[in-house]
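Here's the structure, in structure tokens; my notes come after.
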Amino acid sequence: MSQNLQSGERLRPVDLARGHGLSTQAVRNYEEDGILPAAARTPHGYRTYTPLHASALRAFLALLPGHGHRTAAAVMRAVHQGAADEAFRLIDESHAQLLDDRRTLEAVRDALRDLAPEPDPGTDTYPGPVPAPGPGPGPGSSSRSASLSGGTFIGPLAERLGIRPATLRAWERAGLVCPRRDPLTGYRVYGAADVRDARLAHQLRRGGYPLERIAPLLAQVRSAGGVAPLEAALGDWHGRLADRGRALLAGAAELDAYLREREAHRPPGVTR
């Protein structure tokens, strides 16, 4: 839309739609959803809009990239219902979510940096066949002899990480680690990839991240064949967060312009 519209100019739906790649039906839908203020009607029932509606449309479309449709629409509805505080709260929530996502990215990067190579768990091995169940060290033991060729048992791994074996079992149920089972004893056997996943999960848990947010990352690590291919994904993630931050700024600028225009067109004596 042209920025040189006169305040008294009357606009048709097509005038608002033109220039934004929208259909006139979309403009009507936005009005019905409260995203645009209610339009005046001609004696024949046709909608007529004003430059204020054009400003509202610009604000909504600018909010979309940073907030998404649901929040952007809720912000505009709150404005038109005179609930500015609710609109600002919704905007604050989007900024808080962006900050949380940035912190998650930083935690993932820190966890990957802390994931220095460790000796293959197979180097700390049990010299011979897997021990049968019975007296002596079992899979929950902290003994170094409770390992086996090609992997390590739950006890030594838990001790290495400074956690309880029950925690590793909970992580397995949540899909964070996927150890194999020894066919003779049924004991969990953690290979090198399992140890890597457990260490990464441990770093993220220490950062306060819930299991349901860690599981997708570890699934990506497994599908990528390790942490190295994640560097490109993390770079892309950082870029998307930066784009979202810029979009939030752009949306705030357009919304502020719209609010100022509403203030200028408010009838005397009206406080909202």
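Throughout, read-outs are computed from the coordinates displayed, never taken from laboratory work. For clarity, every value in this text was computed on a predicted model and none was experimentally measured. As a convention, Cβ positions derive from the backbone with ideal geometry for all residues, glycine included, and neighbour counts pool all protein chains shown.
Rank the residues 55, 223 as a footprinting-exposure proxy: fewest other Cβ atoms within 10 Å of their Cβ go first.
Exposure proxy ranking, most exposed first: 223, 55.
Based on alpha-carbon centroids, what's the gap between segment 150-171 and segment 44-58 in Å, whole number please?
64
How high is the relative contact order of segment 52-97, given as a whole-number percent (alpha carbon pairs under 8 Å, six or more residues apart)? Working shown, then result.
On the way: 22 pairs, mean separation 14.3, N = 46.
Reported relative contact order: 31 percent.
Per residue, how big is the convex hull around the C-alpha atoms of segment 48-101? Give it to me in cubic angstrom, could you?
Numbers: hull volume 3.9 nm³, N = 54.
Output value, Cα hull per residue: 73 Å³.
I need 163, 91 ordered by Cβ neighbour count within 10 Å, fewest first.
Values: 163 18, 91 21.
Going from least to most buried by this count: 163, 91.
Please arrange 227, 27, 79 by how many other C-beta atoms lie within 10 Å of their C-beta, fewest to most. Spell out each step's value before the answer.
Details: 227 18, 27 26, 79 23.
Ranked by crowding around the Cβ, least crowded first: 227, 79, 27.
Mind listing which chymotrypsin sites (Phe, Trp or Tyr not before Pro) in segment 2-83 are in a DSSP loop and have 12 or fewer other Cβ atoms within 10 Å? Walk me through the numbers on the way to the answer.
Details: sites: 30, 46, 49, 60; in loops: 46.
Those satisfying the criteria are 46.
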